[in-house]
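Asker: Before I ask anything, here is the structure I am working with.
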Amino acid sequence: MKARIMTTIFFAIFFVVVDYYLYQAVLLATGSLTPAWKQGLRVAFWIPTILAFVALGWWMFGDPYKYSAQFRTWVMTGLVALYFSKIFGVLVLFVDDITRGVKWVSGLFNKSATPGTGNVIPRSEFLAKAALIATSVPLGAMAYGVISGAHDYRVRRKTVLLPNLPKAFDGIRVAQLSDIHSGSFFNKVAVKGGVEMVLNEKPDVIFFTGDLVNNEASEVEEYIDVFNKLRAPMGVYSITGNHDYGDYHRWSSLNEKQQNFKDLKEAHKIMGFDLLMNENRILKQGGDELAILGIENWGGRGFAKYGKLDEAYAGTEHAPVKVLLSHDPSHWDLQVRQLYPDIDLMLAGHTHGFQFGVEIGGYQWSPSQYAYKQWAGLYQEGSQYLYVNRGFGYLGYPGRIGMPPEITILELKRA
């Protein structure tokens, strides 16, 4: 309880300091308005602050887990978006204060100045308005990322050249989805549209590379009738991601957590996904073979290592081409490339491309790149390939900015 009280006090002080500082810009920017508008805007400025205090108290001293995960997400998103945006305005005002401070100090040493000159330096009205604009731009961008970016599905096509690819599989079209996070969805119609986009590509085989839910298997129940439409001639294969195990949820007992994972595996089955739990499948066509290996989550950077690649690999030694489904791209450098040089292609997700970034032509930037060497797109080392899907869903922030949700279509060709 003591820790909660101290945390609450810290955030309360932070909210007040940020809002009071930014309020100075509001006072200056509204100075020339009519009394009614002036008073209305100044009062309106403090309404989000009051709501922020209510949300803070509810989160720290209430029981937020009595409500849906989606509701908790919206509350936290509102808080983070509001104060993240206000920080930009505060920084602009801070620049103005530095400028005023320099002028004040120089006035003290200016002997020709009239006594008292330099003691009162008015705040720049231009910078005050700039501070409000600096606050509104990121806030508007985050709102747009929710309204438009969350379900702005994009099909990304790549050709992968594999020297050992059998002739019968030359030109095979592979669809990859990853990181559905069904517990975050708020627009079922849009999600259906994304699934239809996959089917319109007419892939030969579909792979799902983990994180069907955020924490609880029940999150996917409403979307089973959406994802069970995914079908392909060679099958639909799936694996688990780090969120599928319920490791980030407070369970009343170990049995409850274990039952949740059983329910999640059952959901894959109901949807028609062939869930590979450290297993493999051999695709056969025209007398040729292609091996599909799928493992449980195996992550770097402190993430759980449930995967057993040795078990999934066993029995595929003879296959001329091996495709590995592994949720975390860190696995490629940490184990796959070191110990399994004959795994031709690995498909991963996990990063979401941070749900924020810039992609213009061949240029890519995202905060995700500071955490993951391979974070989005196709990578090659020697004769081995890795493709990292940017994710179909979203987690935490219910939107995307400059990093739209992805449907991957890979065409495998003989080199």
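The values are calculated or read from the model by the stated rules, or taken from the named source; none is laboratory data. Small disclaimer: the values here were computed from a predicted structure and weren't measured. Every residue, glycine among them, receives a Cβ derived from its backbone with ideal geometry; neighbour counts consider all protein chains shown. Remember, those area values only see protein heavy atoms, side chains included, never the ligands or the DNA or RNA. Shrake-Rupley method; radii C 1.70, N 1.55, O 1.52, S 1.80 Å.
Asker: Let me check against my output: what whole-number percent is the relative contact order of the chain, with C-alpha pairs under 8 Å and at least 6 apart?
Answerer: Relative contact order, the chain: 20 percent.
Asker: Would you please classify the overall shape of region 218-373 from the alpha carbon gyration tensor, given that a ≥ b ≥ c denote the square roots of the eigenvalues, rounded means a/c under 1.5, and beyond that prolate means a/b larger than b/c while oblate covers the rest?
Answerer: Verdict is rounded for region 218-373.
Asker: Another one. Considering only C-alpha atoms, what is the centroid distance from region 193-208 to region 222-280, in Å?
Answerer: When both Cα centres are located, 19 Å separates them.
Asker: Can you compute the charge dipole magnitude of the chain about its Cα centre, using +1 on each Lys and Arg Cβ and -1 on each Asp and Glu Cβ, nothing else charged? Give it in debye, rounded to the nearest 20.
Answerer: 1460
Asker: Over 21 Å between Cα atoms, which of LYS167/LYS269; LYS66/LYS229; LYS192/LYS269; LYS284/LYS308 qualify?
Answerer: Where the Cα-Cα span goes over 21 Å, the pairs concerned are LYS167/LYS269; LYS66/LYS229; LYS284/LYS308.
Asker: A further question on this structure: Straight-line reach from LYS103: which lysines have a Cα under 20 Å away, not including same-chain ones fewer than 8 places off?
Answerer: LYS111
Asker: Same structure, new question: Where in the chain are the DSSP H helices whose alpha-carbon span along the long axis reaches 27 Å or more and whose Kyte-Doolittle mean is at least 1.0?
Answerer: Passing helices, by number: 2-29, 125-144.
Asker: Something else about it: Take every DSSP beta bridge whose two residues both sit in the chain, then give the antiparallel share in percent to the nearest 5.
Answerer: The antiparallel fraction comes to roughly 40 percent.
Asker: Probe 1.4 Å, all protein chains in place: accessible area of GLU216 in Å², nearest 10?
Answerer: Counting only protein heavy atoms, the figure is 60 Å².
Asker: Can you give the accessible area of TYR379 in Å² (nearest 10), computed on protein heavy atoms with a 1.4 Å probe?
Answerer: So the heavy atoms of TYR379 present about 50 Å² to solvent.
Asker: Using a probe radius of 1.4 Å on heavy atoms only, what accessible surface per residue do you get for the chain? Whole Å² is fine.
Answerer: For the chain, the per-residue accessible area is 48 Å².
Asker: Given H placed on each backbone N at 1.01 Å, which residues far from GLU279 in sequence or on other chains put an amide H within less than 5 Å of it?
Answerer: Amide H neighbours of GLU279: GLY294.
Asker: Need one number: nm distance between label points at ASP288 and ASP225, each 7 Å from Cα along Cα→Cβ, rounded to one decimal.
Answerer: Result for the modelled spin labels: 4.1 nm.
Asker: Now for a different question. Where a ≥ b ≥ c are the square roots of the eigenvalues of the C-alpha gyration tensor, would you call region 264-352 rounded, which needs a/c under 1.5, or, failing that, prolate if a/b is larger than b/c, or oblate?
Answerer: Cα axes put region 264-352 in the oblate bin.
Asker: Quick one: which residues, 5 or more positions from TYR385 or on another chain, have an amide H under 5 Å from its amide H? H modelled 1.01 Å from N in the peptide plane, none for Pro or chain starts.
Answerer: Those qualifying (amide H under 5 Å, at least 5 residues apart or on another chain) are LEU345, MET346.
Asker: Ignoring ligands, DNA and RNA, what percent of the 1.4 Å accessible area of region 340-413 is carbon and sulfur?
Answerer: Accessible surface attributable to carbon and sulfur in region 340-413 totals 59 percent.
Asker: While we're here: Leaving ligands and nucleic acids out of the surface, order LEU345, LEU395 by accessible area at 1.4 Å, largest first.
Answerer: LEU395, LEU345
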